[in-house]
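**Q** Below you will find the structure I want to go over with you.
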């Protein structure tokens, strides 16, 4: 079952909570498909009126900001040993190479790595804990965290929601156009076949011997 199909069976309140929790845990440093859940929920909101996109976006933003903040606190307290532990538990996501790449991004961009990290899957998981490990000043982290969370979570919700609305409207119009087009194709095919049938009949009539085509004279 696809994510969106599963979400259709869940009440709206549960979807809000699910989006907030999954994005929060991902931002905290646990590798979860937060972006997939958010996109699926926003697309579902565009098709079902009982899901409020504003509430959905607010839950996503809250989850992103709170999760990142908790991740920052954990990273600041755990330090390098925390990264080593995460590497042992999640080698696919917290390998030495991934950690080195993320650390270089932080050294080069500073607080902007937290901001732009929202839009990169790898940095989205690392941003909070790594900012804490590297002892980034909290006010810098919080500023980038809040702005990045609003732009990523809120912006993604808004864009996917409106794309879904437009797409659904277009598909509805396309269905009518498709019906009209099918009728036109059907009528055209029928006329073409009828014309070909008349042509074949005329050709066969022309090929018949003249004697066969002449009417038989009436007898008294």
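**Q** Taking the stretch 127-153, which residues are within 11 Å of residue 72 (Cβ to Cβ), in contact (Cβ under 8 Å) with a residue 40 or more places away in the chain and assigned to a helix (DSSP H, G or I)?
**A** Across the stretch 127-153, the qualifying residues are 127, 128, 129, 130, 131, 132, 133, 138, 141, 142, 145.
**Q** Among (1) outside any helix (DSSP H, G or I); (2) modelled with pLDDT under 75; (3) within 16 Å of residue 27 (Cα to Cα), there is one condition residue 102 misses while meeting the rest; what is its number?
**A** Looking at each condition in turn, residue 102 falls short on (1).
**Q** Sticking with this one: Quick check on my filter: what residues within the stretch 103-155 are closer than 30 Å to residue 48 by Cα and surrounded by fewer than 20 Cβ atoms within 10 Å (Cβ to Cβ)?
**A** 119, 120, 121, 146, 147, 150, 151, 154, 155 - these are the residues of the stretch 103-155 that are closer than 30 Å to residue 48 by Cα and surrounded by fewer than 20 Cβ atoms within 10 Å (Cβ to Cβ).
**Q** So residue 185 clears everything in (1) part of a helix (DSSP H, G or I); (2) modelled with pLDDT of 85 or more except one condition, right? Which one?
**A** (2)
**Q** Name the helices (runs of 4 or more DSSP H) wholly within the stretch 1-97 that hold at least 3 residues that are at pLDDT 85 or above and either in the same structural domain as residue 127 (by TED's automatic domain parsing) or surrounded by fewer than 22 Cβ atoms within 10 Å (Cβ to Cβ) (or both)? Explain how you work it out, then say what you get.
**A** Numbers: elements: 3-7, 12-28, 34-47, 53-89.
By residue number, 12-28, 34-47, 53-89.
The values are calculated or read from the model by the stated rules, or taken from the named source; none is laboratory data. Nothing here was measured: the structure is a model prediction, and the numbers come from that model. For neighbour counting, all protein chains shown are included, and Cβ atoms are generated from backbone atoms with ideal geometry for every residue, glycine included.
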